[in-house]
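The values are calculated or read from the model by the stated rules, or taken from the named source; none is laboratory data. On a predicted model such as this, the values are computed, not experimentally measured, just so you know. Here the Cβ positions follow ideal geometry from the backbone for every residue, glycine too, while neighbour counts run over all protein chains shown. To get the accessible areas, we keep the full protein, side chains included, count just its heavy atoms, and leave off ligands, DNA and RNA. Shrake-Rupley method; radii C 1.70, N 1.55, O 1.52, S 1.80 Å.
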Amino acid sequence: MTLQRVCSIETSTIDQLSEPIQNLLKEASMATQRAYAPYSNFYVGAAVLLSNGEVVTGNNQENAAFPSGLCAERVAILAAKATYPTEQLIGLAIAVRTERELKQAFTPSCGACLQVMSDVEQRQEPDLPVYIQGPNNQVYIAKNVGQFLPFGFEL
Ligand code: THU
């Protein structure tokens, strides 16, 4: 079953995207270099573009006491909201690197990160598009978080 049939995730080559989104994907890719992932060797980078033009990055930070670490997406999103609580999230880019290279596969975010994205999206007017770096300069694009998590938890 193709991705397009499961949900409406689209693909594009990176050069077809706008300059701010290309830059966001580069920031996510560079953030993988600063990840701390000695246990999984799975280095994730995330970059958030805010409505004031700022870019906030994050990466996975693992911990010897395993559950104490955090995923890249949540590091980036929560840091962005902690620093700029009133700004809206305009886009989120994600890249994954194994030990040597960018991962050559579609790598969707975990459920806990999707819940955080969904919660933030529900608190703001615009949808939050998600851009996931894929193989050969391909980018997977979800127009909003609902594409991945249609029923996010709400209190
Ligand atoms: N990880 C993320 O950073 N984002 C996700 O959405 C899923 C997993 C990290 C957590 C851990 O450091 C490593 O990838 C392997 O699970």
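Each Lys or Arg adds one and each Asp or Glu takes one away; over the other residues whose Cβ falls under 15 Å from the Cβ of Thr13, this sums to -2. If I take every Cα pair under 8 Å that is 6 or more residues apart in the chain, average their sequence separation and divide by the length, what percent do I get for the relative contact order? It comes to 24 percent, rounded to a whole number. Among rounded, prolate and oblate, which fits segment 8-147 when a ≥ b ≥ c are the square roots of the eigenvalues of its C-alpha gyration tensor, a/c under 1.5 means rounded, and a/b larger than b/c means prolate? Judged from the Cα gyration tensor, segment 8-147 comes out oblate (a/c at least 1.5, b/c at or above a/b). As an exercise, use a Förster radius of 35 Å and the Cβ-Cβ distance of Asn137 and Tyr36 to find the FRET efficiency, rounded to the nearest 0.05. Approximately 0.80, to the nearest 0.05.
Accessible area per residue for segment 37-155 is 49 Å², calculated with a 1.4 Å probe on protein heavy atoms, without ligands, DNA or RNA. Taken about its Cα centre, the chain carries a charge dipole of roughly 360 debye when the Cβ of each Lys and Arg holds +1 and the Cβ of each Asp and Glu holds -1. Note on the chain: with neighbouring protein chains present and a 1.4 Å probe, carbon and sulfur make up 52 percent of its accessible heavy-atom surface. On the basis of the beta-carbon distance and an R0 of 30 Å, Ile14 and Asn144 show a calculated FRET efficiency of 0.90.
Working ranking of peptides 38-48, 88-98 by packing, defined as the average number of other Cβ atoms within 10 Å per residue, highest first, is 88-98, 38-48.
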